[in-house]
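Since the structure comes first, as C-alpha cells, the remarks are kept for the end.
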Amino acid sequence: MKTKFFVCIIAFSLSTGFAFSQIQYMNTDFEKTDTVGKSVMKFQTITRDIEFMLDSVYKFSGNYSLYFHHDADSSGQSFLIYLPKTFYKGMRSLQVSVKIRENGTTIPRAGIWSKVKKNKKLIGWASTYKGQLAFPMDITEGIMSQNIPIIPWSWTSYSFNIKIEEDPDEVIIGGFGIYSAWFDDFEISINGIVLNNLAIPLQMLGE
C-alpha cells in the first residue's frame with residue numbers, strides 16, 4: 001500500500017457526473033473500461049470522509065474526470081493507487097503526470113506523490129508539493145502546496161520522475177487534495193514507456 005481498513009465510498013449521482021455504482025472499472029484517464037488484457041490496480045483511501053465521482057462536465061479531455069471532495073478539515077486527504085507487481089522487474093524509473101483543476105483558489109491545494117519500497121525500505125519518492133514531510137504518508141498530514149501558480153477553475157499540469165537502482169516490491173502512487181479537486185489524464189510510465197493496460201476498480205478496496 002498493512003493494516004486492515006474498512007473503507008466505503010459515498011456514491012452519489014448529480015447531473016454533472018456518474019455515480020460509481022454505474023461503472024465497474026476506469027482506466028488512468030478516468031474513462032470507462034473493462035479488464036480484458038489489463039492489470040487491475042488497487043485503489044484505496046483511509047477514511048470515510050472522501051467522496052468520488054466521475055464528472056462528465058469538468059474534464060480536461062475525454063468523457064470524464066475524477067472529482068475528489070472532502071470537508072472533514074483543512075489538512076487534506078490522499079487516495080492511494082498500488083501499481084501491480086508485474087511491472088516491478090527491471091524498473092529503474094517511474095514517471096507520473098496528471099492534470100488537476102481546483103475551485104476558487106490561486107494557491108495549489110492538490111497534487112500527486114509516490115513512494116517506492118524494497119523490503120519495507122524507501123528506495124525512491126517524489127511529490128509535487130512541499131510540506132512538513134517530503135511526501136504525505138498513508139496517514140493524514142498537514143501539507144503546504146508547492147508554489148506552482150494556478151488560475152482558479154483552470155487545469156494545471158503536475159509531474160515527477162523517480163529514479164531507482166533496484167527492483168522494488170511495493171509502488172504506491174497517491175493523489176492529494178484539500179476540499180475539492182478534479183483529476184484527469186493521469187499517466188504512469190516505467191522506464192519511459194507509458195502503461196496503457198491498467199484498470200482501476202470503482203470500489204474502494206482494503207486489505
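The length gained by stretching the chain between L122 and N63 to full extension, at 0.36 nm per residue less their Cα-Cα distance, is 17.6 nm.
Alpha-carbon geometry of the range 157-207: the Rg and the Dmax are 13.5, 37 Å, given in that order. For the set K99/K121; K38/K89; K32/K121; K38/K99, the pairs lying more than 28 angstrom apart at their alpha carbons are K99/K121; K32/K121. Given R0 = 30 Å, the distance between the Cβ atoms of S157 and K32 translates into a calculated FRET efficiency of 0.80.
None of the figures in this text is laboratory data; all of them are computed from the coordinates on show. This one's a predicted model, so the numbers in the text were calculated from it and none came from an experiment. Here the Cβ is made from the backbone with ideal geometry for all residues, glycine too, and neighbour counts use every protein chain on show.
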